[in-house]
Amino acid sequence: MAALPHHGPQVRLACDAREIVSHAMIPRKILLLHNRYQQQGGEDTVVAAEHDLLARAGYAVDTLILTNDNIGGVVKQAQAALFTAYNPTSRRLVRQKLRANRPDIVHVHNFFPRFSPSIFDACRDENVPVVMTLHNYRLACANGLLFREGRPCEACIGGNLLHAVRHACYRKSRLGSAAVAAMIGYHRQVGTWHNKVTRFIALTEFARTRMIAAGLPPARIRIKPNFIADPHPAADPLAADGEAYALFVGRLSPEKGASTLIDAWQGIDLPLRIVGDGPERAQLVAKAPANATFIGQLDRQAVLRQMANASFLIVPSVWYEGFPMTVVETMALGVPVIAAAIGSLRDLLDDGIEGRHFIAGDAQDLRRVVHEMVENPLGVQQMGIRARQRYLSQLSPERNLAMLTEIYHEMVAMPDPY
């Protein structure tokens with residue numbers, strides 16, 4: 001199959017970021033609260049990007065960030081577990097910050113584990129509206145993933161949280177799982193999510209439905225996806241090497257479904273490039289066909305080059321996913337996506353429009369879809385154009401700022417944020 005063009009129509013939005021802010025008469029001072037993990041991940045990247053987006057739009061953005069770097073050793077871990085459900089020190093810290101800076105809105109990205117939900121009491125004490133982005137499923141699930149033993153798990157959504165302890169869902173530790181389960185259960189019981197958070201932001205409609213099932217109030221949840229800066233495929237084309245190929249980008253671990261992909265590739269006459277590493281690599285290499293190439297880890301620019309020149313990206317995950325940025329990056333480059341029809345992946349693209357769906361974990365169904373794509377290069381090209389259009393209309397920084405602005409404005413317009 002011929003390599004696809006990697007550009008789509010350029011859409012000029014009606015107004016830029018500063019016009020959105022001034023016209024909507026929204027609050028000016030935002031305090032971002034975030035607990036970083038020991039290993040930087042996608043949430044940290046999103047927080048930094050959103051901070052810069054707001055600052056460029058003219059907001060006065062302040063931050064209060066804690067890290068997990070000093071949670072080491074048995075004593076420190078025991079202390080962290082003790083205050084996971086409620087940390088009075090964090091409540092005092094946030095209250096002091098609010099009184100010193102007087103923000104219009106507090107935007108919480110992650111309170112786990114060092115802040116704890118006690119920070120919502122501090123916001124309510126000072127009558128400052130607070131919004132929380134739900135980057136994962138931590139308010140319902142001890143490991144935050146709704147995934148256990150190789151498949152999706154919703155045992156704790158509205159159910160008995162002892163499942164998490166019995167299966168040691170949090171870092172394979174029953175003690176740690178008990179601490180997180182206690183946090184989830186306590187705040188369900190006292191009504192924290194109903195009475196102390198003004199708005200929640202879910203990244204997809206699917207995530208919204210799961211959190212409603214877990215007991216969050218539907219009227220307080222808004223949907224706003226993540227975003228990436230435009231890689232501008234038309235303005236800065238990336239050189240192709242002339243070979244048509246399919247692409248996988250991700251960790252080689254069970255939840256990412258690379259095993260399904262390798263099984264599906266038997267008998268497919270199209271090169272497959274696999275970018276990433278992980279615990280399954282050796283066994284995947286052992287059973288992979290000759291036209292599957294394991295590239296390993298690449299830096300972001302090298303990954304973008306691989307994406308831009310691919311015929312399509314394949315996302316064979318068997319878990320719900322949160323908001324995989326590889327999908328957004330690929331669509332921004334005008335390349336279609338074949339994704340498992342599971343969880344949030346169903347919300348990120350429409351079957352037959354920006355790409356294709358297949359039955360999660362079903363190698364035969366994935367093989368069928370790949371064959372159909374290979375046999376229809378014109379259709380693949382059209383999907384790539386529509387993928388680019390979807391990025392511009394829904395997943396760009398400008399659109400993201402407009403959605404965030406609307407949520408903020410709604411919050412401060414309320415006579416009583418609580």
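Things to note:
- Pairwise FRET efficiency - TYR418 versus ASP350, Cβ, R0 = 30 Å, nearest 0.05: 0.20
- Sites ARG102 and GLN301 - FRET efficiency at Förster radius 35 Å, r taken between beta-carbons, to 0.05: 0.25
- All lysines inside 30 Å of LYS287 as judged from Cα atoms, apart from same-chain residues fewer than 8 positions distant: LYS172, LYS256
- Rounded tilt (10° steps) of 377-390 against the dominant C-alpha axis of the chain: 20
- Here the spin labels are modelled as points 7 Å beyond Cα on the Cα-Cβ line, and at GLN382 and GLN394 they lie 1.9 nm apart.
- Cross-link partners of LYS224 among lysines (Cα-Cα below 23 Å; sequence separation of 8 or more within a chain): LYS29, LYS196
- Given charges at Cβ of Lys, Arg, Asp, Glu: the chain dipole, positive-most of MET183, PHE200, LEU252: MET183
- Stokes-Einstein D in µm²/s, Kirkwood radius over Cα pairs - region 246-395 at 25 °C with 0.890 mPa s viscosity: 164
- Potential lengthening between LEU162 and TYR37 on full extension [0.36 nm per residue; Cα-Cα distance subtracted]: 42.5 nm
- The charge dipole of region 246-395, taken about the Cα centre with unit charges on the Cβ atoms of Lys, Arg (+1) and Asp, Glu (-1), comes to about 300 debye, rounded to the nearest 20.
- The chain: equivalent-ellipsoid semi-axes (sqrt of 5 x gyration tensor eigenvalues, Cα, Å): 38, 27, 18
- Helix-only arithmetic for the chain: the sum of -39500 (n - 2.57) across DSSP H runs with n ≥ 4, divided by the residue total, places the mean residue ellipticity at 222 nm at -11500 deg cm²/dmol.
- Dipole size of the chain about its Cα centre, with +1 on Lys/Arg Cβ and -1 on Asp/Glu Cβ: approximately 1600 debye, rounded to the nearest 20.
- A simple spin-label model places pseudo-atoms 7 Å from Cα toward Cβ; at GLN364 and HIS232 they are separated by 4.9 nm.
- Neighbour count of at most 13 Cβ within 10 Å plus DSSP loop: longest GluC sites (Glu not before Pro)-free window in the chain: 1-148
Coordinate-derived values only; no laboratory data. No experiment lies behind these values; they were computed from the predicted model shown. Methodologically, a virtual Cβ is constructed for each residue, glycine included, from the backbone with ideal geometry; neighbour enumeration extends over all protein chains shown.
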